[in-house]
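Written out below as structure tokens is the structure these notes cover.
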Amino acid sequence: MTTCIPAGRGTLHYRVTDYKGRSCSKGAWVSDVSIKSYLQKDLSWSKRVSKVLQIHRSEFSVPALCKNRKLFKVISSSKKDGTTKYFDFAVIGSGIAGLRYALEVAKYGTVAVITKAEPHECNTNYAQGGVSAVLHPSDSVESHMKDTIVAGAYLCDEESVRVVCTEGPDRVRELIAMGASFDHGEDGNLHLAREGGHSHNRIVHAADMTGKEIERALLKEAINNPNIFVFEHHFAIDLLTSQDGSDITCLGVDTLNTVTLEVVRFLSKATLLASGGAGHIYPKTTNPLVATGDGIAMAHRAQAVISNMEFVQFHPTALADEGLPIKPSKPRDNAFLISEAVRGDGGILYNLAMERFMPSYDERAELAPRDVVARSIDDQLKKRDEKYVFLDISHKPKNEILSHFPNIASMCLQYGLDITRNPIPVVPAAHYMCGGVHAGLQGETNVKGLYVAGEVACTGLHGANRLASNSLLEALVFARRAIQPSVDQMKNSSLDLNASNLWPRPTLPLSLGSNAKAKILSATQELRKELQTIMFYYVGIVRSTMRLETAEKKIGNLEAKWEEYLFRHGWKPTMVVPEICEMRNLFCCAKLVVSSALSRHESRGLHYTVDFPHLEESERLPTIIFPSSPLNSTWSSRQLQKQPMYQ
Amino acid sequence: MTSTSFSRLLSTTASNPTLLRTGSQHLTPSLSNSLTRLLFSTSATQHHKENPVSEQSQPQSLHNENQQIQKEEQQEEEDDGDEIDLNKETGEVGGPKGPEPTRYGDWERNGRCSDF
């Protein structure tokens with residue numbers, strides 16, 4: 001019954017659009033460096049390395065348990081124009097997907113784990129729920145598959161779902177073997193909870209900090225692994241790619257060390273993108289500050305195919321700081337979600353005029369399904385042009401409130417709100433990106449040598465809506481599946497040490513005066529908020545063609561305004577500063593979401609539009625975005641090293 | 001504040017994996033058990049389970065905490081006989097106390113939702 005569209009296999013029809021809404025073929029451009037010469041060089045990367053390692057070759061086959069002995073030599077070169085580091089594998093992101101992959105490929109070569117802030121600062125760390133897997137004899141892969149496909153509104157790729165549900169249990173067992181400790185039952189077996197949407201108990205968890213526990217265990221292993229080198233506070237700027245005929249290959253990534261303010265170029269034979277989500281295109285998100293869609297944007301600029309960006313998962317009731325009596329001194333980076341349990345226990349939703357609005361949307365009122373509640377709140381906010389609504393539990397006995405919801409009670413009390421007497425201000429928050437870089441069953445992309453896993457990837461598992469606790473599982477399964485193709489790629493790669501000179505380097509804004517720099521940063525901060533506001537208002541939970549088109553125009557204008565401001569103040573196209581790089585990534589992701597949403601002429605799963613409010617069988621296809629021609633593109637949509645020579 | 005002291009304690013233990021993983025699995029459930037016990041005894045106005053240990057002030061160092069956990073374990077064994085720390089409702093050993101986190105579909109702890 002379920003017709004699923006396999007990712008990457010071209011026999012079935014895709015709806016394609018470029019980010020400007022035009023259909024087009026894969027981008028082709030004239031490279032501004034000659035790549036043929038380096039391919040013909042006598043001394044290839046692998047040959048030179050093997051000469052160096054000849055003496056250690058006998059140790060290659062020893063299982064990597066020699067913790068204190070490096071098996072591979074890392075080559076690094078520092079020249080006047082900058083540092084280049086050479087690794088067999090580069091991993092961008094240090095969450096569950098990145099670390100799981102790193103730990104495995106480290107058996108075959110050197111690994112650089114590049115992470116934007118501290119290694120543990122990632123979406124994984126905040127995932128407190130659990131990991132879903134078929135681990136009980138009465139459960140079945142078919143059941144997990146069915147639950148996933150139903151939640152995904154039948155837009156899932158059946159093969160991806162099968163693969164994840166089948167391989168999931170082994171991946172979870174491996175995690176345990178790596179040192180993650182999960183809760184057990186009395187019988188000594190893993191304790192499995194049952195979360196919404198699942199028809200069996202299958203959620204593995206560690207108290208209430210599953211993600212943190214997994215992250216802790218993986219990070220510990222990674223740090224102790226002699227072949228893994230973690231580069232924290234290294235902001236990834238752009239992937240390094242070269243084109244040979246119609247093949248594009250990823251050969252590494254440029255980064256900026258945000259502590260030393262030094263550009264570091266990484267050359268790698270295989271690269272895994274595991275950079276997580278893009279929650280910060282919205283003003284309210286559960287994602288930590290690092291989630292600015294860097295990976296999706298870099299991949300798009302590198303000509304990778306992106307898919308299903310319109311499916312953004314929101315939670316209807318996050319604590320709205322604007323409604324608190326005492327405003328937090330600094331804005332909360334990641335939203336505090338108020339559980340459905342509050343509504344389940346009798347909480348009532350009111351708008352700011354203290355009108356109970358849910359009954360006019362659904363006869364189940366506050367107990368309507370979460371997406372109905374989310375849409376109703378969104379509708380109220382738009383109709384009334386307000387910033388939040390109220391969730392009131394104060395009519396319940398005080399001791400009951402305090403014993404059921406101590407976390408909310410104490411959090412609100414810190415900001416002057418007593419929830420036993422007053423309503424809680426709430427607003428929807430962005431939580432998870434179901435879409436991302438289009439991945440095949442091995443985590444491969446259309447860019448050779450570039451693999452993806454985790455939230456940054458669109459594997460077809462989630463379809464139009466993610467099933468609870470499936471995201472950590474997806475990360476584990478695809479990180480593992482990307483290993484073999486990565487290793488094969490690494491072995492066949494002829495990446496040359498001199499490849500470092502193929503692309504111009506990003507530059508630091510040394511020529512900018514401090515005044516200009518301050519102005520640029522301040523303007524960027526303002527425009528970032530404006531972009532988020534546009535996204536919240538026009539590309540939120542309830543969409544319409546008019547709103548999306550308005551968003552497209554406004555975002556286009558905003559981007560042009562921002563770029564003009566930058567260059568007017570002396571910014572050069574190859575300059576890098578983290579806030580500016582993030583802004584260009586946010587613009588990129590926002591545009592991808594808008595154009596994807598515009599192209600879906602139906603409502604399915606997380607994408608709801610009043611102009612096409614029903615499911616449409618003919619629309620039951622993934623939304624694929626191919627890269628467009630760079631001729632009319634903005635600065636933000638071009639790789640830094642491919643800026644036109646003359647502006 | 002209860003939540004901050006709890007999270008501080010949790011993050012202290014989380015950053016000290018040796019504490020979590022010392023010895024057999026037996027310690028880990030007891031440790032998380034004592035942490036959750038601290039939270040509930042200080043936050044809930046009515047708490048049925050009597051636990052003299054939780055009225056003690058928070059230990060200053062991890063070493064003291066370790067000792068306290070061992071004391072608790074002994075006391076538990078003395079008080080309850082053969083009974084292990086089993087949550088009868090959920091069947092979990094040493095898991096979080098309180099209502100089932102997924103009872104309303106999402107993953108909820110003390111009102112805060114972390115996944116859905």
- When you go through (1) within 14 Å of chain B (Cβ to nearest Cβ); (2) more than 19 Å from A:Ile214 (Cβ to Cβ) one by one for A:Met490, which number turns out not to apply? (1)
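Inside segment A:151-162, can you point out the residues that are in contact (Cβ under 8 Å) with a residue 60 or more places away in the chain, surrounded by fewer than 21 Cβ atoms within 10 Å (Cβ to Cβ) and assigned to a helix (DSSP H, G or I)?
Here is the first cut: in segment A:151-162, the residues in contact (Cβ under 8 Å) with a residue 60 or more places away in the chain are A:151-161.
With the extra rule that they be surrounded by fewer than 21 Cβ atoms within 10 Å (Cβ to Cβ), the set shrinks to A:153-154, A:158-159.
Hits for segment A:151-162 are A:Glu158, A:Glu159.
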- Note on the structure: The number of residues in segment A:157-187 that are under 17 Å from A:Leu461 (Cβ atoms) and touching a His at 6+ places or on another chain (Cβ under 7 Å) is 1
- Might you let me know whether segment A:315-326 holds any residue that is over 30 Å from A:His438 (Cβ atoms), at the interface with chain B (Cβ under 10 Å from one of its Cβ atoms) and either outside any loop (DSSP other than H, G, I, E, B) or touching a Cys at 6+ places or on another chain (Cβ under 6 Å) (or both)? yes
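I need the full set of residues from segment A:274-289 which are among the hydrophobic types (A, V, I, L, M, F, W, C), crowded, with 24+ Cβ neighbours inside 10 Å and part of a loop (DSSP other than H, G, I, E, B), in order please.
A:Ala274, A:Ala278
Taking the criterion of being buried (at least 19 other Cβ atoms within 10 Å of the Cβ), among the small types (Gly, Ala, Ser) and part of a loop (DSSP other than H, G, I, E, B), would at least one residue in segment A:584-593 satisfy it? Can you show your working first?
Let us first name the residues in segment A:584-593 that are buried (at least 19 other Cβ atoms within 10 Å of the Cβ), namely A:584-593.
This time we only want the ones that are among the small types (Gly, Ala, Ser), so: A:590.
Filter once more, keeping what is part of a loop (DSSP other than H, G, I, E, B): none.
No, the conditions are met nowhere in segment A:584-593.
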- Note on the structure: Exception for A:Lys383 within (1) of a type outside the set (Val, Ile, Thr); (2) in a helix (DSSP H, G or I); (3) touching a Phe, Trp or Tyr at 6+ places or on another chain (Cβ under 8 Å); (4) more than 11 Å from chain B (Cβ to nearest Cβ) falls at (3)
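Each value in this text was obtained by applying a stated rule to the coordinates, not by laboratory testing. Just so it is clear, the model here is predicted, and its values are computed rather than measured. When we count neighbours, we look across all protein chains shown, and the Cβ atoms used for this are built from the backbone with ideal geometry, even at glycine.
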